[in-house]
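Accompanying notes for the structure given below.
The values are calculated or read from the model by the stated rules, or taken from the named source; none is laboratory data. The structure presented is a predicted model; accordingly, all values stated were derived computationally and were not measured. Here the Cβ positions follow ideal geometry from the backbone for every residue, glycine too, while neighbour counts run over all protein chains shown. We work out accessible area using only protein heavy atoms, side chains counted, and drop any ligands, DNA or RNA first. Shrake-Rupley method; radii C 1.70, N 1.55, O 1.52, S 1.80 Å.
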Amino acid sequence: MGVFDRLPPMDHLRSEKMCFVQLIIPAESARVAVTYLGELGLLQFKDLNEDKSPFQRIFVNQVKRCAEMSRKLRFFSDQTNKAGVRSSVRPALEPDIDLEELEARLGEHEHELLEMNTNSDKLQQTYNELLEFKLVLTKAGGILASSHNHAASAEQELDENIYDREVDEGNAYLLEQGVHQGSSGNSGVRFVSGMILKSKALAFERMLFRATRGNMLFNQAPAGEPVTDPISGEEVEKTVFVVFFSGEQAKAKILKICDSFGASCYPVPVEMIKQRQIFNEVSARLSDLEVTLDAGIQHRNKALESVGSQLWRWTIMVKKEKAVYDTLNLLNFDVTKKCLVGEGWCPIFAKSQIKDCLQRATLHSNSQVGIIFHEMDTLESPPTYFRTDKFTNAFQEIVDAYGVARYQEANPAVYSVVTFPFLFAVMFGDWGHGICLLLGALVLILREKKLSSQKLGSFMEMAFGGRYVILLMAIFSIYCGLIYNEFFSVPFHIFGKSAYECREKSCSDAHTAGLIKVRDPYPFGVDPSWRGSRSELPFLNSLKMKMSILMGVAQMNLGIVLSYFDARFHGNALDIRYQFIPQMIFLNSLFGYLALLILIKWCTGSQADLYHVMIYMFLDPAGDLGENQLFWGQKELQILLLLMALVAVPWMLFPKPFILKKLHKERFQGHTYRFLGTSEMDPDSEPDSARARHDDFNFSEVFVHQMIHSIEFVLGAVSNTASYLRLWALSLAHSELSTVFYEKLLLLAWGYDSLIVKSVGLVVFAFATAFILLMMETLSAFLHALRLHWVEFMNKFYHGDGYKFKPFSFALLADDED
């Protein structure tokens, strides 16, 4: 292991070194100090009041004040958006104000706006009622006029006939009595007019009929246009109605029914002259109300514009203040009640910056006592903090989605920057499709300033966040597409002539007549002559399958090597001797040997059957290889490798648990004997004493855990290697699907003489390529590459059971919701 010991410890590939610090802050400078620390954003505070509810904390009143101001600002924002007033992103320059003055101004603005809203609502309700009254006057006037004419004609008809004039007046028709209503007394026919929802008109009529026992006449007329309801303010379909009845009792019933159905009743006179007078009065009032409402809306919009110009600045100010007091609630008073004590984590490189912030806070708060900042020892595990930029952040998020790294654990994101887009490209390889992805990624990157300030949909937001991942995936796809020699499934002679030509000069179909090699191999990638040949599919299958195994074995070996560097970094010699070494031996004795056979077969051009070699390596290790022998001493090497693989399994399983048990006994046996001779200390009196920790060690639990880990690795070595064959399967599927679209859509349509058929074929080919190959296949290859990293690569060394470093930072408030 001397070679590995001379290698660097991978410090630059690990999370930042953290330290646990304590702050003792005088009460008068606490708010300023926390504000400066929020601007710096490199200190994560620990909650020292976990046993207290939010209402029992020190600064609960200040938090409530900020929450109330946040509510008012949300109210202003909603009113601004509802009115369609644009709030300025860059507020007008105004002098800075403190929190008390802002609170007072927000209260004044809210009171003024609420008053304007109340007056506007009342005026709008009156306006809507007058509109309804105007419609009722128009429609009900027509109904009354028609009933009057009908009653007059009926009376004339009665005079001309021989009906008996002594008929009792109580039996006369209500409609015949309509002409005598108005000035008549209680015995005359009366009416009620108004408006009701169209959907309720039928039920309303039935209820009236039953309540009056049929002693009423119901007339209705549709309003003809949507009407704004005075109560709800919504546009609804309504109907104008006129109910004729007789008697006070019937009137009371009808009015109650109108009220229960939500109908609006309006007084309509019988005389046409009075109807016209009231109609003109209502029209005049409507004109006056329109002018008043317009003036009110303009005044309200001006008030909203004045608030909206400062809304963004005030919102940020209140958010910062609320975040400061929320952070101060994590601190606790000391014994003297004059200082606040805080604890937390910070990167070691930030200690000097934090000290400068605290010194500035002491000066600006005019405190006579400085802030004490010192490092403390703790048994807690530190948080994990990786410094990333806009390029590496997406790759780090991919890794963090699996699990946040332990403190100082090797970071897979560093390798994923290259391996993730490359494995994607192996499955997606087509330099035509890669160029399309590249153009999409460049559009997102070139417009990132504009897009970052806009509100995007979920899909676009995800694509924009991973724009640099898409960029690398596109570049590697172009590279792999050049190796596969596929441009929308079409091969090109980019790097020179093919190494193969037709067997005879006179042959017309080289694919059926056969090819012969006439010159040196094609310099880069797959020879274009393989396209369409009878052996194309067997050749590409063999190439991509073997290439997938080589990549899988290489990446799994990288994961095991990283486990060595992790163990070495943390000084864990047991993991190196009884985990790293047997894992390397087992994996490479079987699948490393398979990768070696693939390389030898490619270099020598041998016709050996590697399936047969690997199967009979287990079934008949001492058997004769025959024509499957690739090199001298192969049989002896296979026996040796098989024995090494068999030895590696118990090597992983048994030594580590027993050694841990032995070390545990040796470590605590001496402490126990030392306590026997002392009367001043009782080992059971301390919770973290030697005896207490001695009882924590459970050999059976450790052994079962090691057994599970060993079995998982042995089975995983087989399943993980087979899992890398998805590189071959998806690459083949992408290539064949692209070929089908090209031949069955584009070429088939291009074979017709009709321009319309050609255009339709081109459009269908473009849509199939965009939505299936560039969207669905991209997502499929992305997910498979994600699985290869999470399961096959990262499980060899990555624990992922840490927690993120979440500092108190004002820069993170923009994305937070109250």
Checklist outcome for this item: Listed by first then second residue, the pairs whose first member lies in the stretch 39-55 and is open to solvent by 40 Å² or more (accessible area, probe 1.4 Å), whose partner is modelled with pLDDT of 90 or more and of a type in the set (Asp, Glu), with beta carbons under 6 Å and at least 6 positions apart or on separate chains, are LYS46/GLU343
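Are any of the residues in the stretch 589-596 closer than 30 Å to PHE703 by Cβ, assigned by the TED database to the domain that holds LYS635 and hydrophobic (A, V, I, L, M, F, W, C)? Please lay out each step first, then the result.
The initial filter retains those residues of the stretch 589-596 that are closer than 30 Å to PHE703 by Cβ, namely 589-592.
Checking which are assigned by the TED database to the domain that holds LYS635 leaves us with 589-592.
From the residues that got through so far, the ones that are hydrophobic (A, V, I, L, M, F, W, C) too are 590-591.
For the stretch 589-596, residues closer than 30 Å to PHE703 by Cβ, assigned by the TED database to the domain that holds LYS635 and hydrophobic (A, V, I, L, M, F, W, C): present.
Please find, among ASP164, ASP159, the residue that is in a helix (DSSP H, G or I), modelled with pLDDT under 50 and either over 30 Å from GLU234 (Cα atoms) or among the aromatic types (Phe, Trp, Tyr) (or both). It would help to see each step written out before you state the result.
Details: ASP164 fails: in a helix (DSSP H, G or I).
The match here is ASP159.
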Next on the checklist: Based on this model, can you work out whether ALA361 counts as assigned to a helix (DSSP H, G or I), closer than 26 Å to MET776 by Cβ and open to solvent by less than 30 Å² (accessible area, probe 1.4 Å)?
Outcome noted: no
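Quick one: is LEU113 modelled with pLDDT of 85 or more, open to solvent by less than 40 Å² (accessible area, probe 1.4 Å) and within 28 Å of LEU331 (Cβ to Cβ)?
Numbers: modelled with pLDDT of 85 or more: yes; open to solvent by less than 40 Å² (accessible area, probe 1.4 Å): yes; within 28 Å of LEU331 (Cβ to Cβ): no.
Judged against the criteria, LEU113 is not a match.
Given the structure, is GLN607 assigned by the TED database to the domain that holds TYR564 and out of contact with any Phe, Trp or Tyr (no Cβ under 8 Å at 6 or more places or on another chain)? Quick ask: steps written out before the conclusion?
On the way: assigned by the TED database to the domain that holds TYR564: yes; out of contact with any Phe, Trp or Tyr (no Cβ under 8 Å at 6 or more places or on another chain): yes.
Yes: the conditions hold for GLN607.
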Item to check | Failed condition for THR336, given (1) closer than 22 Å to ARG31 by Cβ; (2) surrounded by 15 or more Cβ atoms within 10 Å (Cβ to Cβ) | outcome: (2)
Checklist entry - In the stretch 235-248, what residues are open to solvent by 60 Å² or more (accessible area, probe 1.4 Å) and over 54 Å from the mean Cα position of the chain (by Cα)? => result GLU248
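Looking only at residues in the stretch 371-385 that are aliphatic (A, V, I, L, M) and open to solvent by 50 Å² or more (accessible area, probe 1.4 Å), which one is nearest to ARG31 (Cα to Cα)? Outline the logic, then answer.
First, pick out the residues of the stretch 371-385 that are aliphatic (A, V, I, L, M): 371-372, 376, 379.
Narrowing further to those that are open to solvent by 50 Å² or more (accessible area, probe 1.4 Å): 372, 376, 379.
On the way: ILE372: 15, MET376: 23, LEU379: 29 Å.
So, considering only residues that are aliphatic (A, V, I, L, M) and open to solvent by 50 Å² or more (accessible area, probe 1.4 Å), the one nearest to ARG31 (Cα to Cα) is ILE372.
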Checklist entry - Which members of the stretch 762-816 meet the condition of being over 25 Å from SER723 (Cβ atoms), in contact (Cβ under 8 Å) with a residue 12 or more places away in the chain and among the β-branched types (Val, Ile, Thr)? => result VAL764, THR769
Checklist outcome for this item: When restricted to LYS251, LYS302, the only residue open to solvent by 40 Å² or more (accessible area, probe 1.4 Å) and either under 30 Å from ASN81 (Cβ atoms) or at pLDDT 90 or above (or both) is LYS302
Checklist outcome for this item: In the stretch 736-766, anything over 22 Å from GLY429 (Cα atoms), in a helix (DSSP H, G or I) and open to solvent by less than 60 Å² (accessible area, probe 1.4 Å) is listed as ALA749, VAL757, LYS758, SER759, GLY761
